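Novice: My questions will all concern the structure given below.
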Amino acid sequence: MFGLVVRLFLILRRLLNRCARREAEILVLRQQLVVLNRKRPRVRLRNINRLVLVWLYRVYPSILDAVVIVKPETLLRWHRRGFRAYWRWKSGWRGGRPKIQKEIRDLIRRMSSENHLRGAPRIHGELLMLGIELAQSTVAKYMQRPREPGSQGWKTFLRNHAAGMASLDLFVMRTISFRLLYGLVILQHGRRRLARVGITSNPTGEWIAGQVTEAFPWNGAPQYLVRDRDRAFWSDYTRRIRAMGIRDHPTAPRRGRTHTLSES
């Protein structure tokens with residue numbers, strides 16, 4: 001194990017050397033020999049072995065040709081698992097408002113469904129008399145909403161206004177070095193043609209406005225531009241499309257995935 005650590009430090013010192021890739025492949029082969037010399041009926045890799053292989057693959061992706069004791073797709077699966085574990089740890093729960101118990105949520109829905117004429121203030125007062133202390137906004141959040149008649153569907157709206165409508169959306173691309181790149185896709189629904197595709201690491205409103213300007217000439221801009229409620233669409237974006245004569249149409253709040261591009 002001491003020799004392995006020495007080899008790792010030597011590779012770190014000679015990253016800019018032409019022989020660094022060869023040294024990495026030799027280290028991978030020696031690491032596999034160490035595993036095979038344990039004289040066990042089945043090859044069992046330890047976490048330190050997986051960590052070394054994944055780290056070397058991140059530095060030199062070409063070492064997949066030198067891996068023999070595991071399949072290349074297994075090494076890629078380890079890397080994806082590490083990526084998910086890293087972002088799960090980074091985006092973990094770090095406090096916030098306490099969660100409302102399920103029994104209380106069911107009670108609020110039952111009271112609102114059995115008493116349609118009672119609003120949030122009345123139900124909130126009755127809960128306080130029962131000793132349940134909640135905010136009135138929380139009661140309004142979990143009340144049973146009356147069913148409203150269905151509105152025009154997305155396919156019908158698209159069929160009626162596709163000729164003068166376009167949509168844009170941001171999507172995330174994860175790189176091998178745990179970085180995030182943001183892609184912007186602008187689609188014209190009339191001819192179902194990609195008007196613009198852009199990639200950046202910092203999707204600001206000014207950058208999105210520039211992409212819209214390059215996608216549509218001043219005399220060929222669409223009448224409507226559909227987008228989601230991402231915070232990247234700030235004032236720079238709205239001012240630019242208003243100057244171009246385009247009407248901004250954000251999707252409904254809390255709708256989840258908009259399917260703006262996929263359904264077309």
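The values are calculated or read from the model by the stated rules, or taken from the named source; none is laboratory data. Note that this is a predicted model, so its numbers are computed, not measured. FYI the Cβ positions are ideal-geometry reconstructions off the backbone, even for glycines, and counts take in every protein chain you see.
Novice: When the residues of the range 160-200 are narrowed to those that are surrounded by 12 or more Cβ atoms within 10 Å (Cβ to Cβ) and among the hydroxyl-bearing types (Ser, Thr, Tyr), which ends up farthest from the chain's Cα centre (by Cα)?
Specialist: Ser167
Novice: For the range 167-203, how many residues meet the condition of being farther than 28 Å from Trp87 by Cβ and not in a strand (DSSP E or B)?
Specialist: Here the count works out to 4.
Novice: Please find, within the range 215-243, the residue that is nearest to Tyr182 (Cα to Cα) out of those that are buried (at least 16 other Cβ atoms within 10 Å of the Cβ) and hydrophobic (A, V, I, L, M, F, W, C).
Specialist: The extreme case among them is Ala232.
Novice: Here's another thing I want to ask about it. Please count how many residues of the range 151-185 are of a type outside the set (Lys, Arg) and free of Cβ contacts under 8 Å to residues at least 12 places away in the same chain.
Specialist: Going through the range 151-185 one residue at a time, the tally reaches 8.
Novice: Let me ask you something else. State which residue pairs qualify: first residue farther than 18 Å from Lys155 by Cβ and inside the range 186-201, second residue basic (Lys, Arg) and in a strand (DSSP E or B) in any location, beta carbons under 7 Å apart, and separation of 6 or more residues or different chains.
Specialist: Ile186/Arg196
Novice: Given the conditions (1) outside any helix (DSSP H, G or I); (2) under 33 Å from the mean Cα position of the chain (by Cα); (3) at pLDDT 70 or above, report the number of the one that Leu76 does not fulfil.
Specialist: (1)
Novice: Can you spot a residue in the range 95-103 that is in a helix (DSSP H, G or I) and either surrounded by fewer than 12 Cβ atoms within 10 Å (Cβ to Cβ) or modelled with pLDDT under 90 (or both)?
Specialist: The answer is yes, given that some residue of the range 95-103 is in a helix (DSSP H, G or I) and either surrounded by fewer than 12 Cβ atoms within 10 Å (Cβ to Cβ) or modelled with pLDDT under 90 (or both).
Novice: Assuming Arg7 fulfils every condition listed in (1) over 36 Å from the mean Cα position of the chain (by Cα); (2) of a type outside the set (Asp, Glu); (3) at pLDDT below 70 apart from one, which condition is it?
Specialist: Checking Arg7 against (1) over 36 Å from the mean Cα position of the chain (by Cα); (2) of a type outside the set (Asp, Glu); (3) at pLDDT below 70, the one that fails is (3).
Novice: For Ala195, are the conditions met, namely being touching a Lys or Arg at 6+ places or on another chain (Cβ under 6 Å) and not assigned by TED's automatic domain parsing to the domain that holds Val59?
Specialist: Answer is no for this residue.
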